[in-house]
Every structure is written in structure tokens, then in C-alpha cells.
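The values are calculated or read from the model by the stated rules, or taken from the named source; none is laboratory data. Every value quoted in this text rests on a predicted model; they were computed, and no experiment measured them. Here the Cβ positions follow ideal geometry from the backbone for every residue, glycine too, while neighbour counts run over all protein chains shown. Surface accessibility is based on the protein's heavy atoms, side chains included, excluding ligands, DNA and RNA. Shrake-Rupley method; radii C 1.70, N 1.55, O 1.52, S 1.80 Å.
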Amino acid sequence: MKCKLLVRASHLLLMLVFLTVLGSAAIAASPADAQAGKSDTVTYVHCGTLIDEVSDAPRQNVLLEIAGGKFRSITDYTAGFAKSAGAAFIDLGVETCVPGLVDSHTHILLQGDQKPGQYDEQILKWSLPYRTILGTRSARRALEYGFTTIRDVETEGAYYADVSVRDAIKQGVIPGPRMVVVTRALNVTGAYAIKGYDPAWTFPHGVQVVDGPVECRKAVREQIANGADWIKVYADQHVSTADVVHSIPTFTSEELHAIVDEAHREKHKVAAHAMGLEGVHNAVEAGVDSIEHGAYIADDDLKTMVAHGIWYVPTLYIFIYADEIHQADGFPGWKGGVEIHAETFRRALKAGVKIAFGTDVGGFEWTINPAKEFPLMVQYGMTPAQALRAATVSGAELVDMRDQIGSVEPGKLADLDAVSGNPLSDIKVLEDVNFVMKEGVVYKRPEKH
Ligand SMILES: [Zn+2]
């Protein structure tokens with residue numbers, strides 16, 4: 001339910017904890033500014049340091065020339081350089097510039113559903129228009145944090161609201177990151193919230209419920225027709241804890257294959273929420289394109305992921321957050337779960353699986369900066385450079401935009417963040433992005449400017 005880690009009291013009585021994984025500065029630019037950024041107006045940006053994700057090492061004192069929303073040239077900066085008439089100049093001489101970041105697992109239409117009662121509150125009591133209004137605020141916050149692109153992986157009962165927000169951003173109506181959306185995730189009867197009420201009543205679902213390969217195929221067609229960029233499936237439920245985490249698959253193999261086959265036939269990709277051995281295995285065997293969360297992944301499945309180029313989007317922070325929430329609420333949390341997840345991350349890294357940065361923000365409140373994921377990736381074995389790359393080059397590749405974003409190169413979209421300090425020695429500085437540009441438009445700048 002809900003990209004959600006929910007501890008249920010009945011499970012505690014059995015001394016087992018089951019997890020059901022459901023699933024600063026003001027914005028500176030107006031829609032008019034957004035249009036201006038895409039015009040031929042030239043903007044120069046001086047970066048004291050630039051991590052361009054192309055060079056072997058950071059470059060010092062670089063001048064970026066930006067026009068038409070793209071990087072036009074990248075040269076050494078010299079004071080008094082010849083700037084064309086009417087051009088703007090932004091001096092980030094004491095900052096480190098990095099490519100705009102990509103969060104590959106977000107939920108703009110959830111506002112922290114992990115807290116007890118919040119999922120039912122949001123799905124049952126909040127109107128779709130109100131949830132969408134809050135979704136626009138979440139999108140703006142993502143941009144303020146420095147995420148210029150997000151893959152938003154399910155509306156949780158808000159139908160196709162993600163398509164509307166994506167398109168409003170694209171049209172310059174509201175500020176926000178570039179969005180890749182999945183619309184309504186797919187799950188089978190009985191596997192997803194809203195659950196646990198009198199069966200005499202009918203309640204809305206957080207997903208689109210489908211059973212059998214025919215319904216699966218039809219739902220994929222329907223979602224793509226309604227604007228979905230990716231398809232999202234829930235591959236398992238009821239995760240139990242042990243050294244090997246087991247789960248109960250939701251879809252049959254036949255159903256999962258139908259979903260993947262139909263999505264791929266229509267040139268769309270599939271993200272699979274999968275937490276335990278069986279769910280991950282079935283999803284990998286069905287040929288999905290990304291495994292979301294993957295608390296436990298068997299070594300053989302890691303090998304298959306490498307062989308087929310299947311992405312791993314681990315979402316590390318949400319597990320720690322959920323543990324804290326549950327413990328604060330008097331529950332023990334998922335005993336050992338965080339360690340199991342960390343161990344899976346280490347094995348995946350060692351095996352050479354493609355790992356992209358993703359956070360599950362929305363599961364935790366949007367007032368918490370999703371960049372908290374970075375230090376965990378480093379703590380669990382990545383170098384700071386690898387962690388940054390997971391949110392730049394890898395994120396760009398995951399959303400099939402490697403030719404447009406993910407690095408600072410002439411011809412690419414001018415998505416640029418800046419921080420004080422050096423993220424390659426202290427990854428935590430990415431939690432305090434003080435300059436954000438998307439397609440040449442400045443949405444946030446250091447206070448001194
Ligand atoms: Zn999620």
C-alpha cells in the first residue's frame with residue numbers, strides 16, 4: 001500500500017514484524033521567466049569548481065555559456081571575459097557546480113504517509129483537487145532541493161494527477177522538476193490498501209486492481225493512452241524478516257509477463273516494487289526495467305540484473321525513517337531490516353548492478369530533504385563520486401535522457417545546481433543546494449546574489 005512500510009499490531013503479537021511496502025529560498029522564476037530562459041537570451045555562469053560528470057576530475061574556474069535553455073559553450077573563466085550585449089552573468093565563484101540531480105523514486109501526491117493513520121487519511125479524506133494542489137507544492141520543493149528531474153512512481157489513488165502536474169510544469173504554468181510519471185500502479189485483488197474495513201463497504205484503492213493477463217494488458221494500454229511514461233507494478237507483499245527475506249508474490253508469472261510484454265511492445269518501461277526474494281525473482285525473470293526498494297535480492301538475481309541491465313533503485317533512507325516512526329509509536333520496527341537492506345546494497349554494488357538514486361520521498365514528508373539518501377549510499381559502500389553519479393548520469397540513463405541531462409556538456413539542457421563545499425569529500429553538502437537552474441531558468445540562488 002502505499003509505498004509504505006506499515007507495521008501491523010497483529011503481527012507483533014506473533015513476534016514477527018511484517019512489512020507491507022506499499023508500495024528555504026523562495027522560487028525565483030515565474031512562468032514568464034521560464035519562457036525567457038528558453039529564448040535566445042544568453043546567460044553566463046562562473047563556477048569556482050565544476051563537476052561536469054564528463055571530466056576525470058573537477059574543473060576549476062569554468063565559464064558556462066547558456067542560451068535557449070541549453071549549455072552552449074564551456075570554457076575557462078577569465079575576469080573581464082567578453083560578454084555579449086544584454087547577457088546575464090551569475091557568479092558562483094565560491095561554489096561547486098554539479099549537474100541538476102535526478103530522484104528516480106518519488107511520490108509528489110503523498111505527503112508523508114508512513115505516519116500511523118496518514119495513508120487512510122490522505123486517500124479517504126482528502127479530495128483529489130486538494131491532493132493535486134499539495135502535489136504541486138511537493139514538485140516545487142523537489143526543485144528547490146536541486147532535483148531538476150524526478151521519476152514519480154505512482155499517484156496512490158490520485159488517478160492521473162501526476163500527468164496534469166507533469167504537463168503544467170512542462171508548459172511553464174507552475175515551477176517544478178521535469179517529471180517522468182507512472183500514473184496508477186498495478187496490483188492484484190486483495191493485496192493493497194485501502195484494506196481492513198468492513199467488507200460490506202467499498203473503498204477506493206491506492207492502485208489499479210487487475211487480475212489475469214487480459215486485464216493486466218488492458219490496464220497497461222489504458223495507462224499509456226492516459227499519459228503514463230512508465231508502468232509500475234507491485235511484485236510482492238508481506239515481507240518477513242530473516243537473513244533471507246521472503247515475500248509473497250502478488251502477480252503470477254503469466255500476469256507479470258503480460259504487463260512487461262505489453263509495456264515493452266508500446267516502447268514503455270516497467271518499474272517493479274519488490275522487497276523480498278520471491279518478488280524480486282519473479283520481476284527480474286519477467287524482464288522488468290527497474291527493481292524498487294529491493295530489501296533483499298538473491299545473488300543469482302543480481303547476476304541476472306547485471307546481464308539484462310536491470311536497474312536497482314534501493315531507497316535506503318525511507319527504511320530508516322520508517323523504523324524511527326514505528327519505534328516512536330511504540331513498535332519495534334523491522335528488526336534487522338535496515339542491515340539486510342544495507343547488505344543487499346553492498347552485494348549489488350560489488351556485483352556491478354546499475355544503481356540509481358531514489359528516495360521514496362512522499363513516504364516521508366516533503367519538508368525532509370531527500371538528499372539524505374546520499375550519505376547512506378556512501379555509508380553502505382559507494383564513494384561520494386559514485387553516489388553523485390547515481391543521481392546524475394545514472395538517473396539520466398534510467399529515464400532514457402542521457403543525451404539531454406545528467407552531465408554539463410554543450411548541447412545538453414542547462415540543468416545546474418551549486419553547493420558550498422566539495423561533495424566529493426563531504427557528500428552531505430548536497431543536502432544544502434543553494435543554486436538551482438533548470439533549462440537555463442534560475443529557480444534558486446545564493447542569498448548573496
Ligand atoms: Zn515508493
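On the given criteria, is residue 221 crowded, with 17+ Cβ neighbours inside 10 Å and either part of a helix (DSSP H, G or I) or touching a helix residue (DSSP H, G or I) at 6+ places or on another chain (Cβ under 6 Å) (or both)? Spell out how you get there, then give the answer.
Numbers: crowded, with 17+ Cβ neighbours inside 10 Å: no; either part of a helix (DSSP H, G or I) or touching a helix residue (DSSP H, G or I) at 6+ places or on another chain (Cβ under 6 Å) (or both): yes.
So residue 221 fails the test.
For (1) in contact with a strand residue (DSSP E or B) (Cβ under 7 Å, 6 or more places away or on another chain); (2) modelled with pLDDT of 95 or more; (3) within 15 Å of the ligand (Cβ to nearest atom), each residue gets a yes or a no:
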| residue | (1), (2), (3) |
| --- | --- |
| 104 | yes, yes, yes |
| 122 | no, yes, yes |
| 125 | no, yes, no |
| 144 | yes, yes, no |
| 158 | no, yes, yes |
| 167 | no, yes, no |
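Which residue out of 433, 378 is open to solvent by less than 50 Å² (accessible area, probe 1.4 Å) and farther than 15 Å from residue 145 by Cα?
Working: 433 fails: farther than 15 Å from residue 145 by Cα.
The match here is 378.
Go through the residues of segment 237-260 one by one and say whether even a single one is over 30 Å from residue 339 (Cα atoms), under 24 Å from the mean Cα position of the chain (by Cα) and modelled with pLDDT of 95 or more.
So in segment 237-260, the residues over 30 Å from residue 339 (Cα atoms) come out as 254-255, 257-260.
Checking the rest, the ones that are also under 24 Å from the mean Cα position of the chain (by Cα) come to 259-260.
Now drop any that are not modelled with pLDDT of 95 or more, which leaves 259-260.
Within segment 237-260, one or more residues are over 30 Å from residue 339 (Cα atoms), under 24 Å from the mean Cα position of the chain (by Cα) and modelled with pLDDT of 95 or more.
Please verify whether segment 225-238 includes one or more residues that are within 16 Å of the ligand (Cβ to nearest atom), in contact with a helix residue (DSSP H, G or I) (Cβ under 7 Å, 6 or more places away or on another chain) and closer than 30 Å to residue 127 by Cβ.
Checking segment 225-238: at least one residue is within 16 Å of the ligand (Cβ to nearest atom), in contact with a helix residue (DSSP H, G or I) (Cβ under 7 Å, 6 or more places away or on another chain) and closer than 30 Å to residue 127 by Cβ.
For the condition small (Gly, Ala, Ser) and over 30 Å from residue 195 (Cα atoms), what is the one hit in 80, 117, 112, 135?
80
Mind checking which residues of segment 271-293 are among the hydrophobic types (A, V, I, L, M, F, W, C), within 16 Å of the ligand (Cβ to nearest atom) and more than 16 Å from residue 210 (Cα to Cα)?
If the condition is that a residue be among the hydrophobic types (A, V, I, L, M, F, W, C), within 16 Å of the ligand (Cβ to nearest atom) and more than 16 Å from residue 210 (Cα to Cα), then 271, 274, 275, 280, 283, 288, 291 are the ones that fit.
Can you tell me which residues in segment 146-167 are in a loop (DSSP other than H, G, I, E, B) and surrounded by fewer than 24 Cβ atoms within 10 Å (Cβ to Cβ)?
159, 160
If residue 306 satisfies every condition in (1) under 26 Å from residue 141 (Cβ atoms); (2) assigned to a helix (DSSP H, G or I); (3) modelled with pLDDT of 95 or more but one, which is the exception?
(1)
Kindly establish whether residue 91 is open to solvent by 70 Å² or more (accessible area, probe 1.4 Å) and more than 21 Å from the chain's Cα centre (by Cα).
The answer is no for residue 91.
Please tell me if residue 183 is of a type in the set (Ser, Thr, Tyr), within 13 Å of the ligand (Cβ to nearest atom) and either in a loop (DSSP other than H, G, I, E, B) or modelled with pLDDT of 95 or more (or both).
The answer is no for residue 183.
Taking residue 192 as the residue in question, decide whether it is within 14 Å of the ligand (Cβ to nearest atom), assigned to a helix (DSSP H, G or I) and more than 30 Å from residue 434 (Cβ to Cβ).
Criteria not met by residue 192.
Kindly evaluate residue 130 against the criterion of being among the aromatic types (Phe, Trp, Tyr) and either open to solvent by 50 Å² or more (accessible area, probe 1.4 Å) or part of a strand (DSSP E or B) (or both).
Answer is yes for this residue.
Do we have residue 408 as under 21 Å from residue 107 (Cα atoms) and either open to solvent by less than 10 Å² (accessible area, probe 1.4 Å) or of a type in the set (D, E, K, R) (or both) here?
Spelling it out, it is not the case that residue 408 is under 21 Å from residue 107 (Cα atoms) and either open to solvent by less than 10 Å² (accessible area, probe 1.4 Å) or of a type in the set (D, E, K, R) (or both).
Which of the residues spanning segment 106-119 are in contact with an Asp or Glu (Cβ under 9 Å, 6 or more places away or on another chain) and away from the ligand (no atom under 16 Å from the Cβ)?
Once the filter is applied, which keeps residues that are in contact with an Asp or Glu (Cβ under 9 Å, 6 or more places away or on another chain) and away from the ligand (no atom under 16 Å from the Cβ), segment 106-119 yields only 116.
Quick check on segment 321-368: of everything there that is among the polar types (S, T, N, Q) and either surrounded by fewer than 21 Cβ atoms within 10 Å (Cβ to Cβ) or within 16 Å of the ligand (Cβ to nearest atom) (or both), which residue is modelled with the lowest pLDDT? Write out each step before concluding.
Taking segment 321-368 and keeping what is among the polar types (S, T, N, Q), we get 327, 344, 359, 367.
So of that shortlist, the ones also either surrounded by fewer than 21 Cβ atoms within 10 Å (Cβ to Cβ) or within 16 Å of the ligand (Cβ to nearest atom) (or both) come out as 327, 359, 367.
Numbers: 327: 83, 359: 98, 367: 98.
Looking at the filtered set, the residue picked out is 327.
Of these, 103, 91, 120, 76, which one is under 20 Å from residue 356 (Cα atoms) and charged (D, E, K, R)?
Exactly one residue qualifies, and that residue is 103.
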